[in-house]
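A short write-up of the structure that comes next.
The values are calculated or read from the model by the stated rules, or taken from the named source; none is laboratory data. Everything numeric in this text was worked out from a predicted model, so none of it was measured. So basically every Cβ, Gly included, is an ideal-geometry build from the backbone, and we count neighbours across all protein chains shown.
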Amino acid sequence: MATKNKTIVLAYSGGLDTSVAIKWLADRYDSEIVTVTADLGNNPDLPTVEKRALSTGARKAHIIDGKSEFIEHFIWPALKASALYEGVYPLATALARPLIAKFLVEVAKEENAFAIAHGCTGKGNDQVRFDVSTLALAPELQILAPARIWNMNRDQEIDYVREHNIPITIGPKTPYSVDENLWGRSIEAGPLEDPDMAPAEEVFEWTRSIDEAPSKGVELKIDFRQGIPVGLNNKEIDSLRLIDQVNELAGLHGIGRIDHIENRLVGIKSREIYEAPAATVLHMAHNALEYLTLTKEQRDLKSIISLDYSRMVYNGLWFSTHRQNLDAYVNSTQEYVSGSVRLKLHKGNCIVLGRTSPYSLYKFDLASYGQEDTFDHVASEGFIKIYGMPIKTQAEILRDAN
Ligand code: ARG
């Protein structure tokens, strides 16, 4: 058992910043460091990460497989809520942070730690998400963010690594900052900081360019049960495999590249590139099914909720009662969002071909202009007379007043 108040639990990626943080935090706070690395489908080389944490001086290195929790409790709720920040960003990074914070807090309690720590800088959204999530889950814990304090640039960090014999190999300098999990890749910085410069092909790893995508498209059928995708091409499939397969297939066809000038919580506009093939396809399919199965009022209110939901996730308020309230509403809308959507993936396009549902509100004999038409055309006259009465009344009064 660790001595009371001598342990710090650090979110550890295995990269330069967080490796420096192990040593820096241990020295500065005269503490023992326990690291937590979450596997959220970003395919880290986990044995290497674990070894590196220990040989850099961590007392213990926890590796946590959070993939299914991430999907069931974070990704699916966000999909059901149609949460796309500023209408485009499926929130991969933003959804992952509160879960990592939850793991940090759980380990902090196990280890009787006095603080959690993370490697975020003072300019981004991620620091807010880690900090606010921790405040919500364990207000008694201290939160340490060395990169907000130490004032080292990359070269100084490399000097620090050499000086303290930190056993990491410094890879070639890449100009980009990348965060990745199974719901998407987020890429920023370097040449992307010029909003007028098209991203170089080298930033993309999950998606082919439109030029390189196959000239022949492919069809895909997705089955939903209560707003959640459960089947692919007529086969039930577990969530992780479903997301992986759609990422693979849609990526091959050049779908899911997003280029956005984003409004960060801290007031900065920043250029963000995302690759989110599965998220793009699943949001589109889910949306198509909602328009088939929800009433006008339900879908309209859901659009307003979606806007609020996406801001709430982006702004780090996942562990709020507000989110629980929104989830309750969203879940109640999803009761009949079951059925299938057929899509075509082709050269960067995801096109809805068709949709069916046992709860479809579409009635052929009402919509049809053919012989099957049962809509009461005569009744429309009376409807319009009353519906149009206020506008007619006003028009008459204004006409006569002038
Ligand atoms: N702008 C995105 C967000 O706030 C992505 C941040 C990605 N982080 C990174 N280290 N590249 O969610």
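Cβ-Cβ contacts under 8 Å between residues 6 or more apart (or on different chains), taken from a first residue in region 172-184 that is farther than 16 Å from A279 by Cα to a second residue that is more than 12 Å from the ligand (Cβ to nearest atom), are listed as K173/R154; P175/P191. What do you reckon, is L326 surrounded by 10 or more Cβ atoms within 10 Å (Cβ to Cβ), touching a residue at least 12 places away in the same chain (Cβ under 8 Å), in contact with a Phe, Trp or Tyr (Cβ under 6 Å, 6 or more places away or on another chain) and closer than 30 Å to P139 by Cα? Against the criterion (surrounded by 10 or more Cβ atoms within 10 Å (Cβ to Cβ), touching a residue at least 12 places away in the same chain (Cβ under 8 Å), in contact with a Phe, Trp or Tyr (Cβ under 6 Å, 6 or more places away or on another chain) and closer than 30 Å to P139 by Cα), L326 qualifies.
Only one entry of I170, I166 meets the criterion of being crowded, with 18+ Cβ neighbours inside 10 Å, over 23 Å from the mean Cα position of the chain (by Cα) and under 25 Å from K23 (Cβ atoms), and that entry is I166.
Residues in region 285-338 that are aliphatic (A, V, I, L, M) and not in a helix (DSSP H, G or I): L294, L317, V337.
Of everything in region 32-72 that is within 13 Å of G14 (Cα to Cα) and of a type in the set (K, R), the residue that is surrounded by the fewest Cβ atoms within 10 Å (Cβ to Cβ) is K51. Return the total of residues in region 252-284 being in contact with a helix residue (DSSP H, G or I) (Cβ under 8 Å, 6 or more places away or on another chain), within 12 Å of the ligand (Cβ to nearest atom) and either of a type in the set (K, R) or not in a strand (DSSP E or B) (or both). Adding up the residues that qualify gives 4. State all residues of region 168-221 that are more than 16 Å from the ligand (Cβ to nearest atom), assigned to a strand (DSSP E or B) and either modelled with pLDDT under 95 or touching a Leu at 6+ places or on another chain (Cβ under 6 Å) (or both); if no residue qualifies, say none. V218, L220 - these are the residues of region 168-221 that are more than 16 Å from the ligand (Cβ to nearest atom), assigned to a strand (DSSP E or B) and either modelled with pLDDT under 95 or touching a Leu at 6+ places or on another chain (Cβ under 6 Å) (or both).
Looking at the structure I just gave you, is L361 modelled with pLDDT of 95 or more and either loosely packed, with under 12 Cβ neighbours inside 10 Å or aliphatic (A, V, I, L, M) (or both)? Outline the logic, then answer.
Values: modelled with pLDDT of 95 or more: yes; either loosely packed, with under 12 Cβ neighbours inside 10 Å or aliphatic (A, V, I, L, M) (or both): yes.
So L361 passes the test.
Scanning region 86-133 for residues that are polar (S, T, N, Q), away from the ligand (no atom under 11 Å from the Cβ) and surrounded by 22 or more Cβ atoms within 10 Å (Cβ to Cβ) gives a single hit, S133.
With respect to the conditions (1) within 16 Å of the ligand (Cβ to nearest atom); (2) surrounded by 18 or more Cβ atoms within 10 Å (Cβ to Cβ); (3) in contact (Cβ under 8 Å) with a residue 24 or more places away in the chain, L144 falls short on a single one, namely (1). Listed conditions (1) surrounded by fewer than 18 Cβ atoms within 10 Å (Cβ to Cβ); (2) closer than 25 Å to I22 by Cα; (3) within 24 Å of the chain's Cα centre (by Cα) are all met by N181, apart from (1). Among the residues of region 147-163, the ones that are within 16 Å of the ligand (Cβ to nearest atom) and surrounded by 13 or more Cβ atoms within 10 Å (Cβ to Cβ) come to 3 in all.
Evaluating Y309 against the criteria (1) out of contact with any Lys or Arg (no Cβ under 7 Å at 6 or more places or on another chain); (2) surrounded by fewer than 16 Cβ atoms within 10 Å (Cβ to Cβ) leaves one unmet condition, (2).
So that you can scan it fast, the table gives a plain yes or no per residue for (1) assigned to a loop (DSSP other than H, G, I, E, B); (2) free of Cβ contacts under 8 Å to residues at least 24 places away in the same chain; (3) charged (D, E, K, R):
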site	(1), (2), (3)
V341	no, no, no
L345	no, no, no
S360	yes, no, no
Q371	yes, yes, no
T374	yes, yes, no
V378	no, yes, no
G382	no, yes, no
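Determine if region 291-304 includes at least one residue that is modelled with pLDDT of 95 or more, of a type in the set (G, A, S) and buried (at least 18 other Cβ atoms within 10 Å of the Cβ). Can you show your working first?
Residues of region 291-304 modelled with pLDDT of 95 or more: 291-304.
Add one more test, that the residue is of a type in the set (G, A, S), and what stays is 303.
Cutting the leftovers down to buried (at least 18 other Cβ atoms within 10 Å of the Cβ) gives us none.
Scanning region 291-304 turns up no residue that is modelled with pLDDT of 95 or more, of a type in the set (G, A, S) and buried (at least 18 other Cβ atoms within 10 Å of the Cβ).
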